[in-house]
Amino acid sequence: PFYRVHVYSLTLLFNYSIFYFGTEFNTDISGGHICSGYSHFIGTGEFGNLSKQYGNVHSLFIGSRPAVVLHGFKAIKEALVNKGNDFSGRAQDLMVNHAIHPIGVVLADYSSSWRERRRFGLMTLRNYGLGKDSMEQRILGEVNTLIKLMEQSLGTSISPQLIFHSAASYIISQILFAQQYDYEHDFTKFFVGVFLEVSKIFNGRWGMLYDSFPVLRNLPLPFRRAFTLLQILSENKTTRVGDGSSFSEDNLYSLLLDFHFAGTDTTANTLLTCFLYLMSYPEVQERCQKEIDEVLDGKDQVSFEDRHEMHYPQAVLHEVQRMADVAPLSVFHKVTRDTELMGFSIPKGTIIIPNLSSTLTEDGYWKDPHHFNPDNFLNDEGQFIKPENLIPFSAGPRTCLGENLARMELFLIAVTLLRRFRFIWPEDGGTPDLTPQFGTIQTPKPYRMKVQLRPTA
């Protein structure tokens, strides 16, 4: 294939971008000086090093375009919350904008039509039961499917990746399409497979390459596969809407894609991180199960309201979210008008990168910022507390639409499975690797797990 023939040339291009854009530049942003920039092809750890050298507000290049990185809770809150209207735009020249057109709500620029679509999305979630018993029952119904699958694999090692992605996909699909398919149904395999493959392209190096070097966009490189798959999906849309609205058939199709991406990838990857850590820290798993048994004694199933009595499991699930760091750089923002932030003047149209990772390990906010420790979410009396700077779903006007649904899914799925099963790292699995695979959406490295019935199940 073409991209294999030219892999050497692309490697040189990568190295060139890191060298050229890694040199110090002197940029005057409307009178304010923001220091030094580096290539787009770096992880959040490097961003942390930059902040130590240049401060919590600094610049870098995305290809040839300068952007501003926000590091630490104070800077991010000031921009996204206190000055939310100024910092709630979206960059409009990225791969996802070109692949999904017209855009739905996540990638839409800050405007009256964006507000209309967001209100519609929130209304849709509420109308279909978010925060109500009906939503709990949908989630718990899907958990029963998970239980049956795991019971069929007792004593053997299984790969949880497709299982958790299918479960998350099914839950959001019931809301979006009012239909449910068996895990082995052709539609399920195709639909989940498309979203996994497209997400991998968007979130990986090829997506970054597309965003950073526009000259490559028309070449037959692997990122073209995402366009092909989304075109196949779009050919099957049948939605119709009336006049008098900013919505169109394509708008609604894009909104469905937004909901499905947001409602599947982040939830599935958080669940994968959850059970990876529970197997790596069996004493934490056992303490969770002890408290779950005590709170649910005499009950047939868990309720979302039970979370108020489960202080330690709640602490564990939130610590998992902290360690999972699923969306390390959020979705890039854009300044909607000339504004000022912490002494810097930033012109309209500047790309803003909120380094959410920096808030999750920030000194002074956590008891043990650099290690997995549920005590980060417990007070001296052992009661659950949620620090203000845990913002895995971002903050301000652009906070994730599905945050409440994701929290409900994570709690109900994890608690139900922990009540019934014990999860064990396979003897031949080597040492658990807790380092996530970096991308727009981070995911644990693939792993396998063994499932055993608990004596009390």
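We did not get these values from a lab; they are worked out from the coordinates using the rules stated. None of the values given here were measured: they were computed from a predicted structure. All Cβ positions, glycine included, derive from the backbone under ideal geometry; neighbour counts span all protein chains shown.
Observations, loosely collected:
- Stokes-Einstein D for the range 330-410, Kirkwood Rh over Cα pairs, 37 °C, 0.692 mPa s (µm²/s): 215
- If the segment from SER157 to GLN137 were pulled out straight at 0.36 nm per residue, it would be longer than the present Cα-Cα gap by 4.3 nm.
- Trypsin sites (Lys or Arg not before Pro) restricted to the range 337-432 and DSSP loop, no more than 14 other C-beta within 10 Å: ARG337, LYS348, LYS367
- The slack in the chain from ARG287 to THR124, taken as 0.36 nm per residue of separation less the alpha-carbon distance, amounts to 54.9 nm.
- Within the range 357-457, the GluC sites (Glu not before Pro) that combine a DSSP coil assignment with at most 11 other C-beta atoms in a 10 angstrom radius are GLU381, GLU388, GLU427.
- Between the alpha-carbon centres of the range 67-95 and the range 407-457 there is a gap of 33 Å.
- At R0 = 25 Å, FRET efficiency that the Cβ-Cβ distance of GLU197 and GLN437 yields, to 0.05: 0.95
- Scaled radius of gyration (Cα, divided by 2.2 N^0.38 Å) that the range 322-457 gives: 1.34
- Which listed pairs, of LYS200/LYS290; LYS334/LYS367; LYS77/LYS367; LYS299/LYS450, have C-alpha distances above 31 Å, in listed order: LYS200/LYS290; LYS334/LYS367
- Spin-label proximity, MET342 to the range 56-89 - amide N less than 15 Å from point 7 Å beyond Cα toward beta carbon: 56-60, 68-83
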